[in-house]
Amino acid sequence: MGSSVVARRFLRHRSGVLGVVALTGLFALATVAGRVTPAGHRRLTTDYSQAPSLRHPMGTDAIGHDLFLQVLHGAQKSLQVAVVVTVLATVTGTVLGAAAGYRGGWVDSVISRLTDLVLTVPVIVVLVVAAARLRQQRDSWLIIALMISVVAWPQIARVVRATVLSLRNRSFVTAAQGLGASSARIIFVDLLPNAVAAISVSATLTMATAVLLETALSFLGLGVSAPDPSLGRLVATGQGAARTRPWLFYFPGIVLVSICLCFAAIGEGLRSALGPDDDER
Amino acid sequence: MARFLIRRLAHSVPVVVVSSFLVFAMVAAAGDPLAELRSRPGVAPETIALRSEQLQLHKPVPERYLGWVARAARGDLGTSVTGEPVAPLILRHLGVTLRMVLLAVPLGVAGAVLIGVGSALRPRSVLDRAGTVLSMALVATPVFWLAGLLKEAGVRFNEAVGRTVVFTVGERSPGIEGSWLAMAVDRAGHLVLPTLTLALVAMAGWSRFQRAATIEVLHATYVESARARGLPERRVVGVHALRNALIPLTAVVATDFAAILGGAVLVEVVFAWRGMGRLLLDAVNGSDVHVATGWLVVTASVVIVLNLLADLVYAALDPRIRDA
């Protein structure tokens, strides 16, 4: 299937397109806001605990932070984490998963055990412990993205391994082997193109997972560190005020859910664009 | 079957060993567990030296870990920084958390089967569409925000009723005395919202899976042939299709146990429970190596046991696995 066919089929998927548009818009808005008022999310105004208004579209907190700018900034950080995690986890997971599926043997055993690790130990625990160790660092969002990648790649490796495993005894692979193709060539030229659908769908899922893990860590106070706002920390501080200043709790949460919904919609769009024609499922 | 179970157990051992060493090393390197003691005025240097000696802080981390493993193998998980034995400490907190988890899992499964099978039987119906929207929304909702939403809803509900029906703080009322029944009712009132949060999150993904699995089975040739033999639809679906449609969910539920325990940590923070979540965060913040490592080993063991149980259920439902 050519890439133009895939693009056309994706464009027919309305919610998938909407997801791409919404996320791009959010990221652009955050970037523009960052340019116009570089430290706007940190500026303390004299508008304390104000309800949403034209001046402050999402209201302000008790010390006069503009919540809209904070949410934008937090969303941008979350998206950055999501992109870094997805790139790292997808590349690592694809290469190692393909190696495990094609070569089998000890490579497969080691990778399967690593996958077991993620299924046996609650991921959040590994992150909490690692974050406590590393939280003093600067550029905390990058460190958090690295940590999440470490726990995210086995999931993708599992998917790729299963696809490669199902294909490696097919005749086109035997033919390539017979022609003297190297393992690397068989993996990258013959096998992986068949796994693109599975890989891209799990990559989109990884994006949503990364956002959820990053915000969960920040919610526990172990994620993106002050003064950078994170949606997770905004929810945590808004929680106590849910009664008296509901905007502090609801807006960050709604934006967070919307981001994850966009990723889910994009994943669905990719699934239908790359998968076989099947209207009923 | 027995060989399969033994192999599964054997595979779990290196997982627990590797992850426990990582946690041990990271927590040990994260900070000084005696920092609080040192900063307190009037603590004699001898006391600090003694505590440091007891915690073996002067020894290298691998040596401390090996010592810990040797004792853990005999069932002794060491003592916390404050000198409390870790094993009973963890068991006490685990009991609190498992109350919520072991209730949430069956609840989530029941909801997922109802929604999944219902929407598979009537694709594109109102139920199907509502189920799709609900599960997509729930999958996209972070568990800590959902917990906050339900907590808020609980507070409003209590205000509307005029008395506290569902509790929003803690796992039980402090200092409650009285009959066994009064205590059970009190705990149940505290359980409602956290359990519901966890069950909803788990249900979301499972119901999508159950829907797909059911649709697949409904198109299987043996179901077609049952129809072709003129069996009433009720019997085709109820007897032939459903039994097989329910099997794959068991495996999915099993792989999600660890994630559910992770979700429970966040739910506990929101509802201020003193369970495993609080214990872990306190251990990490206080650089309490023994508690953190013990925590990991105990939760991983719980997950492994629950996974094995799920495997047994799977085998009981699917003769192909049982006889393999």
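Structural remarks
- Separation of alpha-carbon centers, region B:259-287 and region B:1-45, rounded to whole Å: 16
- The stretch between B:L181 and B:E224 holds 10.2 nm of extra length on full extension. This uses 0.36 nm per residue minus the Cα-Cα distance.
- Accessible area buried at the B-A interface, both sides summed, 1.4 Å probe (Å², nearest 100): 3800
- Mean sequence separation of contacting Cα pairs (under 8 Å, at least six apart), scaled by the length of region A:3-280, corresponds to a relative contact order of 27 percent.
- DSSP-assigned coil residues among GluC sites (Glu not before Pro) in region B:159-228, each with at most 11 further Cβ atoms within 10 Å: B:E177
- Secondary-structure-derived ellipticity at 222 nm for chain B, considering helices only, amounts to -25500 deg cm²/dmol, per-run term -39500 (n - 2.57) for DSSP H runs with n ≥ 4.
- Positive minus negative residues near B:D288 (Lys, Arg vs Asp, Glu; Cβ under 12 Å): -4
- Between helix A:196-219 and chain A: long-axis angle, C-alpha atoms, 0 to 90°, nearest 10: 30
- Summarising the label geometry, the points placed 7 Å from Cα in the beta-carbon direction at A:S171 and A:R8 lie 3.0 nm from one another.
- Between the helical axis of A:140-167 and the longest alpha-carbon principal axis of chain A there is an angle of about 30 degrees.
- Expected 222 nm ellipticity per residue - DSSP helices of 4 or more, -39500 (n - 2.57), all of chain A, to 500: -24000 deg cm²/dmol
- Qualifying trypsin sites (Lys or Arg not before Pro) in region A:1-104, where qualification requires a DSSP coil assignment and no more than 13 other C-beta atoms within 10 Å, comprise A:R43, A:R55.
- Cα centroid of region A:30-63 to Cα centroid of region B:152-229, whole Å: 39
- Extension gain (nm, one decimal) between A:L44 and A:T24, 0.36 nm per residue minus Cα-Cα: 4.4 nm
- Angle in degrees between helix A:123-134 and the longest Cα principal axis of chain A, rounded to the nearest 10: 60
- Chymotrypsin sites (Phe, Trp or Tyr not before Pro) restricted to DSSP loop in region A:27-115 with at most 15 other C-beta within 10 Å: A:Y48
- Under 12 Å, Cβ to Cβ, from A:I111 - net charge with Lys/Arg +1 and Asp/Glu -1: +2
- Here region A:18-110 exposes an accessible surface that is 70 percent carbon and sulfur, computed with a 1.4 Å probe and the other protein chains kept in place.
- Residue range of chain B that is longest and free of trypsin sites (Lys or Arg not before Pro) which are both DSSP loop and sparsely packed (at most 13 other C-beta within 10 Å): B:230-324
The values are calculated or read from the model by the stated rules, or taken from the named source; none is laboratory data. Predicted model only: the values in this text are computed from it and were never measured. In this analysis, Cβ positions are derived from the backbone assuming ideal geometry, glycine residues included, and neighbour counts consider all displayed protein chains. All accessible areas refer to the heavy atoms of the entire protein, side chains included, with ligands and DNA or RNA removed. Shrake-Rupley method; radii C 1.70, N 1.55, O 1.52, S 1.80 Å.
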